[in-house]
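Enquirer: What follows is a structure written as structure tokens; I'll ask about it next.
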Amino acid sequence: MTNLVQLLASGLALGTVYALIALGFVVIYRASQVFNFAQGELVMTGAFVMVVLGGFLPWPVAVLGAMLVTGLLAATVERLVLRPLVGRDVVITVILTIFVGLSLRVLVMVIFGPDQRGMPTPWAMDAQVNVGGARIFLSSIVAVAAGAVALGVFYYLIRYSRIGVAMRATSSDQEAALCLGIPVGRIFGYTWFVAGAYAALAGVFLGMFPRTVDTNLGLIALKAFPVVIVGGLDSAGGVVVAGLILGVVEVLTQGYVNPVLGSFGQNFHEVLPYIIMVLFLMVRPYGIAGREEVERV
Amino acid sequence: MPIRPLVTRYEDDLALFPTRWNKIALTLAVIALLVTPLVANRYWMDVVNLTAVYVVGAVALVILTGFTGQISLGHAGFLAVGAYSAAVLGNHLGVPFWLVVPVAGLAAAGVGLVAGPFALRLRGLYLAIITIGLVFVVNHVLRSFSGLTGGVQGTSVPMLWWFDQEGAADFLGGYRATTSVGSLTLATDVKIYLLFVLLAVCTVWCGVNIRRSNSGRAMMAVRDHDLAAAVLGVSPAKYKIVAFGISSFFAGVAGAMYAFKAAYITVDPPFNMNMSVEFIAIIVIGGATTVFGAVVGALFFGLVRPLAESLANRVDLLEALTASQQSLLILAILVIGFMLVEPTGLRGLWVKLKRYFSTWPFRY
């Protein structure tokens, strides 16, 4: 029972990270129909920026600073590389963002070197909380709480703020939005900023105790793809739910199913999200809450 | 401005090399292929052999992505299946290499035909992402059956008969022997070169013929608009699956070639998403929809990597980078620049050039 509670907690923490990353995908995709394969590298960059800022700033300020820096970086990438390609084929933007990600990874490696680093935290690195006999990492609890706050802010931003309304208008019809005086190009920049900031937040919690910060941290985004697909490419609520579910399922599988499967079970939990994704797509090709595409000939 | 000449007879329309310039280009290509093993040293033979693998893999992908419009990031998975079939067939059953190549292709085609139906309901980005899953699942399966595949440690790939002295499959380099044909001594890399050129030419020929045939036109109809194609009596489901099958067959062949060339393979370093991305980059650089574009892109890609590496060895751009990271960075910058400046790829550049000269002195 205590084991189950511990696994559930770390599953929820992982799920929160997935949800934050997937939210970045959805925000960008809804506004500009670009699927940002460089998201994982933004996560990694955010974690490294946090390692640097955490060295001399108080922790909450450093987190906000890391989000700001990574968001600005993402917006710059959008302005320099993606903006000239607005309206191009999906394949082009896919390849472009993949190669942007590759260059970003090389650059981070140049600046920070290949060493692993610990993520700075205001509490002891492996501090645990006793909940009814189960020992839960304090980092996991803070990750879930911070994720909840971030999602709340996102909801408020999208629902009630001027920029949020402009983003929704852009995603529903770019030309109409442009006609109504919404600066669509700048909105793309804002979406990338939001995606970068949330990626940095995900990176901060991803790099905490059991894991370390190194240049492979970005590979997590590969596992956020199934989350995006299961949740639905254009549904923010869908991917949050899917992220939490897949995070918990992954950790529970690692704990309970892997040992049963013998040699096939080695790292089986790493593949499971993809298998779930394939099966899910057979039933609902547009995800939990995605819009079904209606097409005219 | 038409880019192909006016034809008045069906024979001309069907000709593979319709104009005099095509024939001249063909002759030059044949001469270049024959001269290469005479002038190239070991390093460049290696580069050329790898380029041949790229050509086969790129043509395979162009059949799926270029003709049928199915974006696949799972190409590396098919190559992995082909490569490991080659290894298992050679190691455990002692099958000679000329039989390994088609069987590896068939094994990969089997996987492709299983994966194809999953792709029927998906398109665009959804398909691209779900095919990444294919790479992960294939790699996981290959790693977990370590009895056959060597698991994480990897496995050697014997190339039996002609390349080997009577089936003596060593751990490494069992087939590094030379062969004498008359007075000519053929080193291993030259023998591999001859085999690879043969396979690449066959693949390109198949690709071109598929494009000219009924099924190729059906695939392109599905790409341009699958619903409209269905209305016109072309079954999108059938041709998507056929495209998956053909594409994964040639990808399997490319995988077997890769395995033969490397002689020792592991699962993850080569066969991961980066490899799939490289193939996508190849066909986009080439100009995504034609076999010509795929070949040009593969040549470009195969030759730019070593050039970037030698540049990286000479000029130390940044101290902290290794040569391979630097070449990756150069490649990434090149690809990004290409997309921004010339999105139609090398083929588009070629067509523009041709138009410029054929309309000279007027501007098109």
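The values are calculated or read from the model by the stated rules, or taken from the named source; none is laboratory data. A quick note: this is a predicted structure, and the numbers were derived from the prediction, not measured. Every residue, glycine as well, gets a Cβ built from its backbone with ideal geometry; the counts of neighbours run over all protein chains shown.
Enquirer: Among the candidates B:Ala119, B:Ala76, B:Ala115, B:Ala83, which residue alone is within 14 Å of chain A (Cβ to nearest Cβ), modelled with pLDDT of 85 or more and under 20 Å from B:Met273 (Cα atoms)? Give the steps one after another, and end with the answer.
Expert: Values: B:Ala119 fails: modelled with pLDDT of 85 or more; B:Ala115 fails: modelled with pLDDT of 85 or more; B:Ala83 fails: within 14 Å of chain A (Cβ to nearest Cβ).
After ruling out the rest, the residue left standing is B:Ala76.
Enquirer: Can you name the condition, by its number, that B:Ile71 falls short on among (1) out of contact with any Leu (no Cβ under 7 Å at 6 or more places or on another chain); (2) closer than 18 Å to B:Gly287 by Cβ?
Expert: All conditions pass for B:Ile71, except number (1).
Enquirer: Based on this model, can you work out whether B:Phe279 counts as more than 28 Å from B:Met159 (Cβ to Cβ) and surrounded by 24 or more Cβ atoms within 10 Å (Cβ to Cβ)?
Expert: no
Enquirer: Continuing with this model, one more query. List every residue pair whose Cβ atoms lie under 9 Å apart, where the two residues are 6 or more positions apart in sequence or sit on different chains, the first residue falls within region B:329-352 and is within 11 Å of chain A (Cβ to nearest Cβ), and the second residue, located anywhere, is surrounded by fewer than 20 Cβ atoms within 10 Å (Cβ to Cβ) and outside any helix (DSSP H, G or I).
Expert: B:Leu329/B:Leu317; B:Leu329/B:Leu318; B:Leu329/B:Leu321; B:Ile330/B:Leu317; B:Met339/A:Arg88; B:Pro343/A:Arg88; B:Pro343/A:Asp89
Enquirer: Among the numbered conditions (1) over 20 Å from A:Ile21 (Cβ atoms); (2) in contact (Cβ under 8 Å) with a residue 60 or more places away in the chain, tell me where A:Asn267 comes up short.
Expert: (2)
Enquirer: Now for a separate question. Looking at (1) over 15 Å from A:Phe37 (Cα atoms); (2) among the β-branched types (Val, Ile, Thr); (3) within 14 Å of another protein chain (Cβ to nearest Cβ), which is the one condition that is false for A:Val204?
Expert: (3)
Enquirer: Failed condition for A:Phe112, given (1) of a type outside the set (Asp, Glu); (2) within 10 Å of another protein chain (Cβ to nearest Cβ); (3) without any contact (Cβ under 8 Å) to a residue 12 or more places away in the chain, with all others met?
Expert: (3)
Yes/no matrix, rows are residues, columns are (1) of a type in the set (A, V, I, L, M, F, W, C); (2) within 14 Å of another protein chain (Cβ to nearest Cβ); (3) farther than 26 Å from A:Gln128 by Cβ; (4) not in a helix (DSSP H, G or I):
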| position | (1), (2), (3), (4) |
| --- | --- |
| A:Gly185 | no, no, yes, no |
| A:Met208 | yes, no, no, yes |
| A:Gly237 | no, no, yes, no |
| A:Ala242 | yes, yes, yes, no |
| A:Phe264 | yes, yes, yes, no |
| A:Met282 | yes, yes, yes, no |
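Enquirer: Next up: Can you tell which of B:Gly154, B:Gly124 is at positive phi and without any contact (Cβ under 8 Å) to a residue 60 or more places away in the chain?
Expert: Numbers: B:Gly154 fails: without any contact (Cβ under 8 Å) to a residue 60 or more places away in the chain.
Checking each option against the conditions leaves just B:Gly124.
Enquirer: Applying the selection to region A:128-142, what residues are out of contact with any strand residue (DSSP E or B) (no Cβ under 7 Å at 6 or more places or on another chain) and free of Cβ contacts under 8 Å to residues at least 24 places away in the same chain?
Expert: Applying the first criterion (out of contact with any strand residue (DSSP E or B) (no Cβ under 7 Å at 6 or more places or on another chain)) to region A:128-142 yields A:130-134, A:139-140, A:142.
Selection gives A:Asn130 alone.
Enquirer: Name the single residue that is surrounded by the most Cβ atoms within 10 Å (Cβ to Cβ) among those in region A:103-151 being farther than 25 Å from A:Leu57 by Cα and of a type in the set (Gly, Ala, Ser).
Expert: The extreme case among them is A:Ser103.
Enquirer: Of all residues in region B:260-306, how many are at pLDDT 80 or above and basic (Lys, Arg)?
Expert: The qualifying residues number 1.
Enquirer: Another question, if that's okay. Please work out if A:Val230 is modelled with pLDDT under 80 and either over 16 Å from the mean Cα position of the chain (by Cα) or over 25 Å from A:Val49 (Cβ atoms) (or both). Walk me through it before giving the result.
Expert: Values: modelled with pLDDT under 80: no; either over 16 Å from the mean Cα position of the chain (by Cα) or over 25 Å from A:Val49 (Cβ atoms) (or both): yes.
No.
Enquirer: Within the group B:Leu227, B:Leu148, which residue is at pLDDT 80 or above and within 14 Å of another protein chain (Cβ to nearest Cβ)?
Expert: Details: B:Leu148 fails: at pLDDT 80 or above.
None of the other options fit; the residue is B:Leu227.
Enquirer: Give region A:17-53 a look and list any residue that's within 14 Å of another protein chain (Cβ to nearest Cβ) and part of a helix (DSSP H, G or I), or say none. Show your work before the answer.
Expert: From region A:17-53, those within 14 Å of another protein chain (Cβ to nearest Cβ) are A:21-22, A:25-26, A:28-30, A:32-41; that's our starting set.
Answer for region A:17-53, where residues must be within 14 Å of another protein chain (Cβ to nearest Cβ) and part of a helix (DSSP H, G or I): A:Ile21, A:Ala22, A:Phe25, A:Val26, A:Ile28, A:Tyr29, A:Arg30, A:Ser32, A:Gln39, A:Gly40, A:Glu41.
Enquirer: May I pose another question? Could you check region B:190-290 for helices (runs of 4 or more DSSP H) lying wholly inside it with 1 or more residues that are basic (Lys, Arg)? Talk me through it step by step, then tell me what you get.
Expert: Numbers: elements: B:214-224, B:226-231, B:236-262, B:273-286.
Once the helices (runs of 4 or more DSSP H) in region B:190-290 are filtered for at least 1 residues that are basic (Lys, Arg), what remains is B:214-224, B:236-262.
Enquirer: Filter region A:76-97 down to the residues that are within 9 Å of chain B (Cβ to nearest Cβ) and in a loop (DSSP other than H, G, I, E, B), then identify the one that is nearest to B:Ile282 (Cα to Cα).
Expert: A:Asp89
Enquirer: Still on this structure, please answer the following. Identify the residue in region B:135-145 that is assigned to a helix (DSSP H, G or I) and either farther than 14 Å from B:Phe271 by Cβ or of a type in the set (Lys, Arg) (or both) and, among all such residues, is farthest from the other protein chains (Cβ to nearest Cβ). Can you show your working first?
Expert: Let us first name the residues in region B:135-145 that are assigned to a helix (DSSP H, G or I), namely B:135-144.
Those left that are additionally either farther than 14 Å from B:Phe271 by Cβ or of a type in the set (Lys, Arg) (or both): B:143-144.
Values: B:Arg143: 7, B:Ser144: 5 Å.
If we take residues in region B:135-145 being assigned to a helix (DSSP H, G or I) and either farther than 14 Å from B:Phe271 by Cβ or of a type in the set (Lys, Arg) (or both), then B:Arg143 is farthest from the other protein chains (Cβ to nearest Cβ).
Enquirer: Something else about it: Answer yes or no: is there a residue in region A:93-104 that is β-branched (Val, Ile, Thr), within 29 Å of A:Val248 (Cβ to Cβ) and without any contact (Cβ under 8 Å) to a residue 24 or more places away in the chain.
Expert: No: zero hits.
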